[in-house]
Every structure is written in structure tokens, then in C-alpha cells.
Protein chains: 2
Amino acid sequence: MSNNFSPGRACPVDQVPRWDLVTDVAVVGFGAAGSCVAIEARGAGAQVDVFEVASAPGGSASLSGGEVYVGGSGGTEVQREHGFADETDDLRQYLLMAGGPTADADRVGLYAAQAAAHFSWLRAQGVPFKGTYLPGKWIEPPTDDTLIWSGNEQAWPFSAKAKPAPRGHTVEFEGWGGGQLLMEKLCARALALGATAHYNSRALCLITDDNGAVKGLVVRREGQELFVQARSGVVLCAGGFIANRDMVARHAPEALVCEHQVTAGNDDGSGIRMGISVGATTLNMQEFFATLPFFPPESLIKGIFINERGQRFINEDTYHGRVAHYVLRQPNGRAWLLVDNDIFDRPLLQPDITVAAVGDTWDEVEQELALEPGSLTATVAEFNRQARAGQDPYFHKHAGWLRPLLSPPFAALSYCRGDIEGHAFTLGGLATRPTGEVLNADGQIISGLYAAGRTACGLPRWGEGYSSGLSLGDSTFFGRQAGRSAANAGAP
Amino acid sequence: MSNNFSPGRACPVDQVPRWDLVTDVAVVGFGAAGSCVAIEARGAGAQVDVFEVASAPGGSASLSGGEVYVGGSGGTEVQREHGFADETDDLRQYLLMAGGPTADADRVGLYAAQAAAHFSWLRAQGVPFKGTYLPGKWIEPPTDDTLIWSGNEQAWPFSAKAKPAPRGHTVEFEGWGGGQLLMEKLCARALALGATAHYNSRALCLITDDNGAVKGLVVRREGQELFVQARSGVVLCAGGFIANRDMVARHAPEALVCEHQVTAGNDDGSGIRMGISVGATTLNMQEFFATLPFFPPESLIKGIFINERGQRFINEDTYHGRVAHYVLRQPNGRAWLLVDNDIFDRPLLQPDITVAAVGDTWDEVEQELALEPGSLTATVAEFNRQARAGQDPYFHKHAGWLRPLLSPPFAALSYCRGDIEGHAFTLGGLATRPTGEVLNADGQIISGLYAAGRTACGLPRWGEGYSSGLSLGDSTFFGRQAGRSAANAGAP
């Protein structure tokens, strides 16, 4: 028996010395995806054992805002109550755009059709949503309200192709951090239904038979190796790889600019690596969520971003994560938010932002930034002229956020590399069907293996298209699909 | 025995009914990488069998210009003869930049140190190089000359960090298409040394043992399945995946804009898929080489590219493939090359380029393109002012290519999506050590498996950093490393 088990290499079943535990569905990770796998697999009558490396349930979702991106079907209960008729086709079209060039139409179609019902399901599991609507532009609601605008719905080019609706549904929790409550409820539900959770239990590698089918996994618990047979399937819900700096450097090096990793610490890519070990193909490993939260206060959205050439490059009213990706890719990592006295306030999340230049005229600001003469001033003059007319012909910033920058003093807030604190997590992962079945490089199913959450490449797969709530929506919904698929694979 | 062999799924060795052929080193693909694998593995005394799906040797390299990117060590024989002292450290620094954010320092270091010797080696294999130098800016030499400037060496930001030298070394062949001669010589050499080539032989899948080690491969030849045992190793040199439209859509969808695939037809990703089937990790699957060859004539380099916002976005004197990537990513796929009467000539490779606007003033051109009033004219006015002073403060176009655009009539050549013909091939592939050993997701070696050429993620791994000759240089050099590694793996 080898002691060198590692996620990148599967263990052949004929080298398994004994089965320490036999179950139907073995789940790796007890976070947003894993808990929903467990709930549905138990509902389908399967024996379910969940292996969680941490000493407590919840995973990285516990640290989130507890916001779920749902809509369609004419609106969730909450959307309808507040007058937002959200058609399935608008949600579908929005999610296709949000998924970027490699959006998965099958996955998007299923989600769009069933997301409103999924919201009701979450409530039925005991997750509390107050049912109220909070207008305005927020990153997360600072209140216990439910419905917020949490993505790019009202911003070009999304707004031009899909009728906007607010779709962020946040757990009833005062302030930020509702993810903890969400996960308490989902994990408690899974346990109440009879799933068995094993904590401090690290999945070391998959076990495969001669035909490449997954038969179980090796787990380390209290220094001992456990050989776990999964009669119906193994479901990988072990998160992404933002906490594995080697993997980030290899696959998504640009994410290294963001110093804050959005993770509870165990997004080490082991789920993805276990999938790769049995021939799974990966998708979009270079993609990541990033944010440089430059608002609230929302008045700052009325400012304009420029790069070192004095050029604008984005409509500033898009989702903050989309703005972040555009900021991060500007030449030499240099960008500034230009504001005037009327809209200036310190950004809530980074109040010590560097004010790179202040002046009574834009000329002074340009000089202080040491930009080429005329570069910034020409851009501001043109923007002001167009904003006065309520137009933004290049970037299509919504008229509601358009106003000329006329009230001195003027300032440039630095979003240059080194001056900013970014937050990131990875979006690439295993290729799966909407059922959670993991695919090999020829697009064929790998028998006995499923994945959901950030271990899979899901709905959120393009940094520029992210919306708050998309990862929790995807993880919980497709976790459910994977749980049902795995349980049914073992049905007679 | 199953007839459903496919690259995405390995065949277990205990399902092999018989060994039809036993060799030391089995090579998949008889192109630039495969031929050099064969030469070195034979040199190390191994029995070598090469399986080529086409009916003739050469692979996609046969369709190339036959240009190899080499230098360093104070210069190749040809560089020195023409006065270019090319230090290893400059080549190293250049290749690190060319590799982009995920450049492989080990691979780059080895290549930089040995590239000049590799050029001598190519000559020693019988590949003819005339030894002459052709000044100017060319995509490939139209003559039989050897040394040309074939990358970004003289362009910012490359020129600021590495001392420039011409490094494109082209086979002695009149006109374009020297790749055929290069491949004739290398494949003939491999055969003369005793390698056996099997044509019309498609590798179906790898064969692995219980520990995941690669033991051979299944090949289809004349409708029959051959089970090939490789005592020392299998080397995958089966090219990239540009000819596999499903894979391109899944991994590098932006490459679909380029209608011309740079391939002899068999870059179907099967080599990469075979690697994935045994647990290999992939790198940079989203990256691709692209070109929209807007010159020669080189006078067009003196024009300026703008997008639909009237903004410049690149120094036009960078390598044409780098310009192409910037053009392709402009908003709504719209970009134009602005020229005046003095520099205008029809692009050699696309003489029927759409002339989107002509005018006696830049105002007329702006109106004809229906751009916002002042957007194009302000950019041209600023460019002209700076060019007159010999400066390009934003984009750092080299002074030699800078001149104001003053001679009417003025024109805008369309490089908008739909109006242009692009050429592309993929750069993503299997993760390998410089030795060619293929790596799993934990960075460990997969026993018995090697890869080189575009099946591996090599020196060229970033579309924006490509230089002509980089793929042939990488494929031939690292093919040699893989051939030696595989042969020595079987040594007692």
C-alpha cells in the first residue's frame, strides 16, 4: 500500500487494501454545492457521506454575502411582489451574455427555466428571505432586505439585449455576511435528512477501476487513511483553486494582482485535480472573479475611469467586477477614477484610497498625474459635452449616471496597481453536463464522477460577466442536479 | 475487445489482446517535433516507430515558412557573420516577455542557452540555410535569404528590456513555403538513422498499466487495430487543435473569428486529448496565434490603427500577430488602419482589403466612418503633432516608423470583423518539463509519457507575444529533448 496518495493521481481499485466505509454517494466538500448534493441525494433515497476538510461545515460560501442570483418564470415570489416580471428568456439571454464566449447554452437554459422554483426550494429548506426590495446600487445590502440589483442588468451591452430585473436575492441577515446563515440552514437540512458529515477529513485521491470508472476515494482522517467505496458515485464539491498559489500562477496569473483571496482557505484545487487525474477536461482555467469595489457610495459611479493615455475604457455603471477586469488590464496597470467635488466621497470599502491628484482645473489634475498635455483634458471636455446632452455614445453609460464633472476641486482616485486592494476567486474547473456528470476530453462521461460548485466550470465562467449571487445560485442549483444524478445512478 | 477506442480514454494494458508491434519509443506524429524526437532517440540507440495519420511526412510544419527563431550565445553563425552579437541573456529576456504571464523560466532558460547550437545542429542534419541577411520588416522573406527580423524585438515594450537582434532563420528556399524543404530534410534524416515511419496510421488512444504509467498505444492502420508496446515511452507530437472546431469553440472561441486554420488538417487535438486521458494537466488552452497581415508593403506600418471610439490602441510596428490580437479585441470588433496618400499601397496578402472611407480631409473620413464628431480627427491631430516631434509618448512606436499623416487623399482600411481574413493556430497544450515529460495536475511526472510541439504548451504560449519561427524553434528543439528523455528512460 502506497502512502503517496495525491489528488493528481488516482488509486487503482485493486490496490485498495480494504473498504473502511461503504456508501452510495460520497461527497467531497460540505459547502454550498455539497450540502445541496446531500439534500437531493438523500431525498432520492441514497446513503450519503460528506467529507469536509475543515472542522465545520459551510465552506467558502459561509464567508459570502448569502446572495443568490435567481429569476425568470415571470419572476420569483419576491420579484413579482415588487412588480418585476422577469421572463425566463430575459434571464436566459442575460446569463448567456454573462457566461462570455464559452457560455454553456444547456446549463443556462435549464437554470433560467428553473431558477424561480429553485428560490422557492431554498426557502423550503429553511433559508430565510425577508421578501423586501432595496433599490439603488449595492455590492451587498447593508440591511436584511432581499432583492437587489446585483449585476450588469441595467448596464450596456447587457441592457440592450435582455430586459433588466433585479435578481440578487439575499438571505435575511442584518449587514454583510449572510452566507453563514445560508450555509447553517442548508447543512443542517442535509444532516436532518440523514446525510453523514465527516469533518477534518481530507480527500486524498479518487479510486478507479480498470475501465476508468470512479469507485470511491481515499480520505485522510486523524492521520489514518480511509478507503471509501461509493456505490453510486463521487461528487466533487471541493471549491476552486484561489488558495493554491501555484495553480493560480500556472493558470490565472493575472489574479495574483488581487491580494485578497475570496476563500475560507480550502480552495486548493484538489477537487479539480482529482477530476484531471481520471481524464476530465477543464474549462476556462484562466478566468477569475475580481473586484476593486470603488462604490458605494454610488455617487462615485458618476465619475469616469481613464488610463494613462487619458482614454476612457468602460461604462462605469457596469457591475464592479466587470469594471475591475477592465481596470486591471489597462496599460501598465494604471487607471484613475476622475471625480468632481459634488460626487466625491471616500469609497466605503477602501476609505484610504490614494488621491493621486487634486486641482481647481482638470489641467492641474492632468499635470499632477504627469499625463501627456491635452490627453486627460480632451477626454473630460468631450465627456462633459456629451453628458450635458445626456449621451455617452462610445460607452453607453446609462443616462441616470451621466453628469458633467464641473465642480472644483477635481480629483483623481488611484486604481493603479499597488494602490488598490483586489479580491479574487477562480472560475475555471471541470467540464460537466448540467447533470453534474464530468466529461473527458472527447466530451464523454466519466462513469461514477460528478462535480458542482467552483470545482466545475459553471454558469459563472467569465470574469467580465460576473454578477453577485451567480456562484451561490449555480452551486446550490447544480449541486442539486448532481445529487439527483449520482443517487439515481445507483438506482436499480 | 472494445472497438470504441477514443483519445479521451486510455485502454488498460490488461485489455490488450496482443502486441502487434514492440518498440522502444513510439512517436505520434511525423512533423517538426516528431522528426526531431526520432533523430535523437535513434541517436541514443533506441528503436523508434513513428505513427503518422497522413499519408506523407511533414505535418503542419510542411506548410510553414520554414523559419526558426534562434540566437543567443553571442549569436548564431549567421547572426555573427552579419554583425549581430546576440547575448543569451537578451534572448532569454525576450522569450520571457514573449511567453507572457505564464512564461516557463526553465524552458526559456534552456532554449536561450542552447538555441545557437541548435541552429548548427539543424544545419548538420542537412537543413540548408544560405547564410544571408535580409534587412527590413517581413512576414517571411520572399527570397531565399536566411536572417530576418521576425518578431517584436525592435518594438516597445520588448525593445526596452532586451537588446534587439534579428533571430528569424529561414531555410534556403526561394519564396514562401520553406517549411516543406525543412521537413523533407528532417524526416529523411530520421529515416536514414533507422526510425520506422508508419503512414495512414491514426493513434486511437494510449495504453496504461495499473499505476497509470503509459505502456503503449492503439493505432488504426488500414482498418485494423494495432496494439503497440513502447518499452521506453510514447511521445505525443500530434500538433495542436485548430482543426477541431468543437475544441476551439470550447477552449479558444475567439480564434473562430480567423477563418483560415494554419494546419495541414490533422491538428485535431488528439495528442492533447490522449494526454488528458491519463491525467495530464493542460496550460493556456485559450491562447492562439493569430494574424491579420496588414503589411507588406512596410509603408503601411506608418499608418495608425484606431477603434470605433477613435482611440489608438497599439504601436503599429509590433509583430503583425500582436497587432492582430489587439485589433480582434477592440469593441464590437471594429478597427481601421488610417493611411495617407504617401504610404498607401494595397496590402500584399489582402489586396482586396475594404477601403471603408476616403477623403480629402480627416473630417471627411471620420464622417464616412460615422464616428463621433471629433473622435478620429482629435486622435490624428495629436498623432501628427507628436510624430512631427519624433515622439509617440503613449504607444512608443519606433521613431523610424513615425511620420505625420498629411498627404491627401486620406483613407481608412477596414480591419473590422467580417472584412478581414485571419489566420490562426492554437498555443495551449499539455504541461511538460523541458525534458518533454508530461505532468499531472500536482506537477508530477506521468511515467512513460512525453510531448513536444503544439501538443505541449511550449515557448510560444501567448498570442500577443508570438514571433515567426518560435513554433518551429520550440518544436524542433524540445522534440530533441523529448527524444533523448524517452530513449534514456529505457536505458538499463
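Summary of computed values
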| quantity | calculated |
| --- | --- |
| Selection from the range B:433-460 of residues that are within 11 Å of another protein chain (Cβ to nearest Cβ) and either assigned to a loop (DSSP other than H, G, I, E, B) or closer than 16 Å to B:TYR111 by Cβ (or both) | B:ALA441, B:ASP442, B:GLY443, B:GLN444, B:CYS457 |
| Per-region count, the range A:291-325, residues more than 14 Å from chain B (Cβ to nearest Cβ) and free of Cβ contacts under 8 Å to residues at least 40 places away in the same chain | 1 |
| Pick from the range A:377-423, criterion part of a loop (DSSP other than H, G, I, E, B) and aromatic (Phe, Trp, Tyr), ranking: farthest from the other protein chains (Cβ to nearest Cβ) | A:TYR415 |
| Residues of the range A:166-201 that turn out to be of a type in the set (Ser, Thr, Tyr) and part of a loop (DSSP other than H, G, I, E, B), as a count | 1 |
| Candidates A:THR143, A:THR132, filtered to the one that is of a type in the set (Val, Ile, Thr) and within 18 Å of A:ASP86 (Cβ to Cβ) | A:THR132 |
| Pick from the range A:365-375, criterion of a type in the set (A, V, I, L, M, F, W, C) and within 12 Å of chain B (Cβ to nearest Cβ), ranking: surrounded by the most Cβ atoms within 10 Å (Cβ to Cβ) | A:LEU371 |
| Count of residues meeting criterion [more than 14 Å from chain B (Cβ to nearest Cβ) and more than 18 Å from A:ARG231 (Cα to Cα)] in the range A:1-28 | 1 |
| Flag if B:GLY109 is closer than 30 Å to A:GLU287 by Cα and surrounded by fewer than 21 Cβ atoms within 10 Å (Cβ to Cβ) | yes |
| Answer from B:GLU225, B:GLU259, B:GLU254 - the residue that is within 10 Å of chain A (Cβ to nearest Cβ), in contact (Cβ under 8 Å) with a residue 24 or more places away in the chain and surrounded by fewer than 23 Cβ atoms within 10 Å (Cβ to Cβ) | B:GLU254 |
| Single condition B:LEU430 does not satisfy, out of (1) in contact (Cβ under 8 Å) with a residue 60 or more places away in the chain; (2) surrounded by fewer than 20 Cβ atoms within 10 Å (Cβ to Cβ) | (2) |
| Qualifying residue in the range A:228-246 (condition: modelled with pLDDT under 95 and in a strand (DSSP E or B)) | no |
| Residue, surrounded by the fewest Cβ atoms within 10 Å (Cβ to Cβ), within the range A:326-364, restricted to residues that are within 14 Å of chain B (Cβ to nearest Cβ) and among the polar types (S, T, N, Q) | A:ASN332 |
| Matching residues, the range B:62-103, being over 24 Å from B:GLU287 (Cβ atoms) and among the aromatic types (Phe, Trp, Tyr) | B:PHE84 |
| Residue within the range B:118-129 that is part of a loop (DSSP other than H, G, I, E, B) and in contact with a strand residue (DSSP E or B) (Cβ under 7 Å, 6 or more places away or on another chain) present | yes |
| Options B:GLU77, B:GLU184, B:GLU81: the member that is assigned by TED's automatic domain parsing to the domain that holds B:ASP474 and not hydroxyl-bearing (Ser, Thr, Tyr) | B:GLU184 |
| Test result for A:GLY240, within 13 Å of chain B (Cβ to nearest Cβ), crowded, with 24+ Cβ neighbours inside 10 Å and farther than 19 Å from B:TRP462 by Cβ | no |
| Residue within the range A:446-464 that is out of contact with any helix residue (DSSP H, G or I) (no Cβ under 9 Å at 6 or more places or on another chain) and buried (at least 24 other Cβ atoms within 10 Å of the Cβ) present | no |
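Let's see how each residue does on (1) of a type in the set (Lys, Arg); (2) within 19 Å of B:PHE477 (Cα to Cα):
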site: B:ASN4; (1), (2): no, no
site: B:ARG9; (1), (2): yes, no
site: B:VAL25; (1), (2): no, yes
site: B:GLN47; (1), (2): no, no
site: B:GLY66; (1), (2): no, yes
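Let's see how each residue does on (1) touching a strand residue (DSSP E or B) at 6+ places or on another chain (Cβ under 7 Å); (2) touching a residue at least 24 places away in the same chain (Cβ under 8 Å); (3) small (Gly, Ala, Ser):
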{"position": "B:PHE158", "(1), (2), (3)": "no, yes, no"}
{"position": "B:LYS163", "(1), (2), (3)": "no, yes, no"}
{"position": "B:HIS169", "(1), (2), (3)": "yes, yes, no"}
{"position": "B:LEU181", "(1), (2), (3)": "no, yes, no"}
{"position": "B:ALA195", "(1), (2), (3)": "yes, yes, yes"}
{"position": "B:LEU204", "(1), (2), (3)": "yes, yes, no"}
{"position": "B:GLY212", "(1), (2), (3)": "yes, yes, yes"}
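Yes/no matrix, rows are residues, columns are (1) closer than 13 Å to B:ASN244 by Cα; (2) part of a loop (DSSP other than H, G, I, E, B); (3) more than 8 Å from every other protein chain (Cβ to nearest Cβ):
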{"position": "B:ASP267", "(1), (2), (3)": "yes, yes, yes"}
{"position": "B:ILE272", "(1), (2), (3)": "yes, no, no"}
{"position": "B:GLY275", "(1), (2), (3)": "no, no, yes"}
{"position": "B:PHE289", "(1), (2), (3)": "no, no, yes"}
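The values are calculated or read from the model by the stated rules, or taken from the named source; none is laboratory data. Source: prediction; values computed, not measured. So basically every Cβ, Gly included, is an ideal-geometry build from the backbone, and we count neighbours across all protein chains shown.
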